[in-house]
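Input: a single structure, listed below in structure tokens.
The values are calculated or read from the model by the stated rules, or taken from the named source; none is laboratory data. As the structure is a computational prediction, the values presented were derived from the model and not from experiment. Cβ coordinates were reconstructed from backbone atoms using ideal geometry, including for glycine residues, and neighbour counts include every protein chain displayed.
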């Protein structure tokens, strides 16, 4: 199988070829390993490759290669280093619930992808492992915290990769690299067994893919609760895969153009948003400008998230330090996470209770919003991805709260879905020609509304045909062999 043939297929397409006997699992795996070897040196998206990963002849994805993020998921006998010196060399003793389901689906996991240290950033530039570059323009960030997964998929190394999202970490890199990324509802995918919830329920598992149908089929394969999970959600009424080809009907969509932090979305992003709005109107959808009532100020919103992030990060760091017999200091942690660790130890039980109360306020307010509108539409990011080296320039000068404001100002639209536990997706309908960078547009739905999002995503994919555009660093060029 030529690499150009391999990269021309999405995961569903590869599975179909394998099922028909037109290509073997070994041929697909060999092509994937060659693709990774060809372009990863330019991008630093894959931190460790597993050529000895066993093939699979079971499940609907029998033999299809993928990668997992180096955080949030464990693979028995493999390293799980979380982008941090504090966790260097850490080996997983067992497969997590999600990993078990990926194996059951027949996916072949070929390695782990880069993440910023402890996922506490929206760029992937850890000191442990180095920066991950955007395959569209290597001077720019691939986003974060699932930046390694996004760069790997966008460059053609694999058709799909695992990602996590605690404040936008699926949707931000999807936007930065021109992929489709969907953050599922809280409880849709099991986080266990080692944890019942991550970041007090803010974080979820998901995937970044080039095609919408891949994302839907992967969610079909892994969704559903496991005994002991704290969050239980009703199963979908139909397979998500079938939703992709269905019309969404005429939707009422509220559009928020500028973020709630008082800053302005950049002209290039606004232009892409407006182009997507024009398409939606042409399809008969009702679209109008809105400013959702969240029940609190921007500063209160960031403070609420700061409590959850810092308290959970501090507990996580203490556990890692105890397990590795390492000290918590500037030798093992970057300044931003050291600042979050310090803030976490300063918070009181009443601070956390206050954050939980504010979370309920915003969840109730947004539930009322989805009673009036089918979807909320925003840019995924208010600006283009940052240039490498710029995002972390001042982290050594920031305390924990200042770092949180920096992170949330860098991605001011995405965290709303994490707080409410609702699904949201980034769809790559826009593009900036001057910088050669994709632009994602985001859609939020009410709790359990993944099916509606997939229906709209399928419609948008047909109209905008983003898969025809290829990045500057692309594994499918035969000249790279």
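A few comments on the model shown:
- On inspection, residue 158 does not qualify as at pLDDT below 95 and within 20 Å of residue 99 (Cβ to Cβ).
- Test set (1) in contact with a helix residue (DSSP H, G or I) (Cβ under 8 Å, 6 or more places away or on another chain); (2) surrounded by 22 or more Cβ atoms within 10 Å (Cβ to Cβ) - residue 198 fails condition number: (2)
- Note on the range 215-225: residues that are in a loop (DSSP other than H, G, I, E, B) and at pLDDT 95 or above amount to 1.
- Residues (without any contact (Cβ under 8 Å) to a residue 60 or more places away in the chain and assigned to a loop (DSSP other than H, G, I, E, B)) located in the range 232-248: 232, 235, 239
- Only one of 384, 340 that is in contact (Cβ under 8 Å) with a residue 60 or more places away in the chain and touching a strand residue (DSSP E or B) at 6+ places or on another chain (Cβ under 9 Å): 384
Quick grid of which residues meet (1) on the phi > 0 side of the Ramachandran plot; (2) without any contact (Cβ under 8 Å) to a residue 24 or more places away in the chain; (3) touching a helix residue (DSSP H, G or I) at 6+ places or on another chain (Cβ under 6 Å):
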residue: 61; (1), (2), (3): no, no, yes
residue: 77; (1), (2), (3): yes, yes, no
residue: 85; (1), (2), (3): no, no, no
residue: 129; (1), (2), (3): yes, no, no
residue: 137; (1), (2), (3): no, no, no
residue: 140; (1), (2), (3): no, no, no
residue: 151; (1), (2), (3): no, no, yes
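- Residue selected from the range 304-344 under the condition outside any helix (DSSP H, G or I) and over 18 Å from residue 121 (Cβ atoms), by the criterion modelled with the lowest pLDDT: 325
- Residue that is surrounded by the most Cβ atoms within 10 Å (Cβ to Cβ), among those in the range 394-420 that are in contact with a helix residue (DSSP H, G or I) (Cβ under 7 Å, 6 or more places away or on another chain) and outside any helix (DSSP H, G or I): 414
- All of 238, 250, 283 fail the test of being surrounded by fewer than 17 Cβ atoms within 10 Å (Cβ to Cβ), farther than 30 Å from residue 334 by Cα and out of contact with any helix residue (DSSP H, G or I) (no Cβ under 8 Å at 6 or more places or on another chain), apart from 250.
- Applying the set (1) under 28 Å from residue 145 (Cβ atoms); (2) touching a strand residue (DSSP E or B) at 6+ places or on another chain (Cβ under 9 Å); (3) surrounded by fewer than 20 Cβ atoms within 10 Å (Cβ to Cβ) to residue 41 leaves exactly one unmet item: (2).
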